[in-house]
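Inspection log for the structure reproduced underneath, given as structure tokens.
The values are calculated or read from the model by the stated rules, or taken from the named source; none is laboratory data. Fair warning: this is a prediction, and the values are worked out from it, not measured in the lab. Using ideal geometry, Cβ is built from the backbone for each residue, glycine included, and neighbour counts are taken over all protein chains shown.
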Amino acid sequence: MSHSLLIAFVMFATVMFFTPGPNNIMLLSSGLTYGFRPTIPHIMGITVGFAFMVGAVGLGLGTIFIAYPILQTILKYAGVAYLVYLAWAIAISEPPSAEQDKARGRPMTFWGAAMFQWVNAKGWVMVIGTITAYAAIAAYPWNIVIQVGLSLLLGILSCTAWALFGTALRPVLTSRRAVRAFNIVMAVLLLASLYPVFMDA
């Protein structure tokens with residue numbers, strides 16, 4: 001095992017997991033709007049979904065995208081469309097109240113968050129960087145096992161931190177108007193995260 005490459009991978013993954021991106025912005029907003037406990041399925045969906053994607057691509061799924069690059073283009077623009085929808089949903093979301101319809105205003109589900117990883121532009125940057133640049137940390141398939149394990153660990157830590165940060169803002173942003181304003185700012189930041197996608201187009 002290359003210990004220096006492993007350390008470099010941990011540093012790369014830590015930066016990528018903890019810096020703002022679509023997942024973290026949505027978790028921050030969900031923590032503020034719904035609280036930590038209702039956001040747990042969202043946290044777990046991101047963590048498991050991304051780690052699964054690392055494993056799947058590392059074990060050979062990536063060759064499909066090399067053979068059929070149109071699939072990457074389709075995923076990219078499907079992700080853009082979905083992020084625009086999520087930005088709109090965040091912008092209009094409010095803290096749930098007793099008067100609200102129970103069927104509305106729910107945080108993202110486990111499966112929704114897990115499937116979102118496949119259309120998340122930042123997620124693909126992380127997966128490609130992980131699989132290609134740090135493949136030599138160990139012999140195959142142990143390199144994939146290590147990468148998946150570290151993705152699970154760093155994913156749960158970063159997702160929990162961002163959701164808790166949003167939850168910690170609940171006592172500060174007490175008025176419905178303040179929450180709406182905050183969520184609009186988060187929606188704008190989510191749209192801004194699409195900049196690298198269009199620059200790469």
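Close Cβ contacts (under 7 Å, 6 or more residues apart or on different chains) running from residues in region 116-140 that are farther than 15 Å from Thr47 by Cα to residues that are among the hydrophobic types (A, V, I, L, M, F, W, C) and outside any helix (DSSP H, G or I) comprise Ile137/Met1; Ala138/Met1.
Here the condition is being surrounded by fewer than 16 Cβ atoms within 10 Å (Cβ to Cβ), at pLDDT below 90 and under 18 Å from Gly149 (Cβ atoms); of Ile66, Ile70, Ile74, Ile7, it holds for Ile7 alone. The set of residues from region 1-34 being part of a helix (DSSP H, G or I), free of Cβ contacts under 8 Å to residues at least 12 places away in the same chain and of a type in the set (S, T, N, Q) comprises just one member, Ser4. Here Ile43, Ile92 are screened, and the one residue that is farther than 30 Å from Ile146 by Cα and at pLDDT 80 or above is Ile92. Somewhere in region 150-162, is a residue at pLDDT 85 or above and over 15 Å from the mean Cα position of the chain (by Cα)? Looking for residues that are at pLDDT 85 or above and over 15 Å from the mean Cα position of the chain (by Cα), one finds at least one in region 150-162, hence yes. Criterion applied to Thr19, Thr33 was being modelled with pLDDT of 85 or more and either among the acidic types (Asp, Glu) or within 22 Å of Val185 (Cα to Cα) (or both), and the one residue passing it is Thr33.
Looking only at region 85-93, decide whether some residue is within 11 Å of the chain's Cα centre (by Cα) and farther than 17 Å from Ala192 by Cβ. No, region 85-93 contains no residue that is within 11 Å of the chain's Cα centre (by Cα) and farther than 17 Å from Ala192 by Cβ. The residue that is nearest to Phe12 (Cα to Cα), among those in region 95-122 that are modelled with pLDDT of 85 or more and of a type outside the set (A, V, I, L, M, F, W, C), is Gln117.
Scanning region 170-179 for residues that are surrounded by fewer than 17 Cβ atoms within 10 Å (Cβ to Cβ) and either touching a residue at least 60 places away in the same chain (Cβ under 8 Å) or outside any helix (DSSP H, G or I) (or both) gives Arg170, Pro171, Val172, Thr174, Ser175, Arg176.
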